1. Run the 1.4 Å probe and let me know the accessible area of Val180, rounded to the nearest 10 Å².
2. Put Val241, Val187 in order of accessible area, largest first, 1.4 Å probe: what do you get?
3. Please get the size of the charge dipole for the range 54-170, origin at its Cα centre, with Cβ charges of +1 on Lys and Arg and -1 on Asp and Glu, quoted in debye to the nearest 20.
4. Using unit Cβ charges (K, R positive; D, E negative) and no other charged atoms, how large, in debye to the nearest 20, is the dipole of the range 85-146 about its Cα centre?
5. Once you keep just the Cα pairs under 8 angstrom separated by 6 or more residues, what percentage relative contact order results for the range 152-247?
6. Ordering Glu284, Glu145 by accessible area with a probe of 1.4 Å, largest first, what comes out?
7. May I ask you to rank Glu296, Glu286, Glu189 by accessible area, largest first, using a 1.4 Å probe over the protein chains only?
8. Along the Cα→Cβ direction, 7 angstrom out, place labels at Ser325 and Gln113. What is the inter-label distance in nm?
Amino acid sequence: MCAIAKELGKQRAGKVPVLPRETPLLSQECRWYDPVFPTQNGKVAIVTGGTEGIGYQTVKHLARLGMHVIIAGNSESEGQKAVRKIKEETLTGKVEFLYCDLASMKSIRQFVQRFRAKNCPLHVLVNNAGVMLVPERKTEDGFEEHFGLNYLGHFLLTNLLLDMLKQSGTHSHNARIITVSSATHYVGELHLNDLQSRCSYSPHGAYAQSKLALVLFTYRLQHLLTANGSHVTANVVDPGVVNTELYKHVFWVVKVVKWMTAWLCFKTPEEGASTTIYAAVSPEMEGAGGCYLYNEERTKSADIAYDEELQRRLWTESCKMVGISDETSRLH
């Protein structure tokens, strides 16, 4: 609960920037703000976990801005349902679903093959999907689920799509990678000798570690992209405390407190998606990478996340775990 309290304090202190008024983004029902961004006609985005919660709202608003959005999810029925609903709400046909189970390295590779077969560019990748506080269990490949799905799944997906992002980005319009982390990363610890939490499993510890790993990954990725002169930026966002289905595995007392206070203390999924959308389309973020964003502002992540040696070691170990070569041959 300490991480939740910390996020709530950050929310109360948050400031909202004024953005150019071109195309409406969030609805008037939004309690927080109603920013607007340029249209995104002709651009293509992939959003993982886009069938509900923050991901769904991200897909809806990117589609409303004119993007062709592919929802990557692990439920065909929920995916098609989300597509139909978004098309009805946005009056656009530029939304589709492609199956991708981030808990399966094989499924991720198949998804990338199907996307490549479309022969379309890729301008925005939103690594949004995740699980939180699940009981100890393993993915198809034998990884602890928080680390395997939240982190390794997105690590592999991003690397397999990097060449397409690089081809789509230009000097004036960089392709963008947005990864959703959490304020929980501030209390996370990365155990390089036990990334699978085999020695001592804690749902909170495993979740926090996966979110810290996503921040370290983003910073390392941006370093490599910059070093190679790629027109791609990588940023990480903190959506705040959001009222979504991610809380279904928390202790029943926490569920009761959440039910009683959600209307006051928690952001709606639409509000929670705002920073992700900002990172994906805001002119203010053009060419800016390696940032940790909260409430549309660049802020400081955990000190440990800036440890370049730790970033490098995690990257190297992650390449081994998902079975890809290290960055030299892939990013040049």
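The values are calculated or read from the model by the stated rules, or taken from the named source; none is laboratory data. Owing to the predicted nature of the structure, the values given are computational and were not obtained by experimental measurement. We place every Cβ from the backbone using ideal geometry, glycine too, and count neighbours over all the protein chains shown. Surface accessibility is based on the protein's heavy atoms, side chains included, excluding ligands, DNA and RNA. Shrake-Rupley method; radii C 1.70, N 1.55, O 1.52, S 1.80 Å.
1. 10 Å²
2. If we order Val241, Val187 from most to least accessible, we get Val187, Val241.
3. It works out to roughly 500 debye.
4. 400 debye
5. 40 percent
6. The ordering from most to least exposed comes out as Glu284, Glu145.
7. Ranked list, largest accessible area first: Glu189, Glu286, Glu296.
8. Those two pseudo-labels are separated by 2.1 nm.
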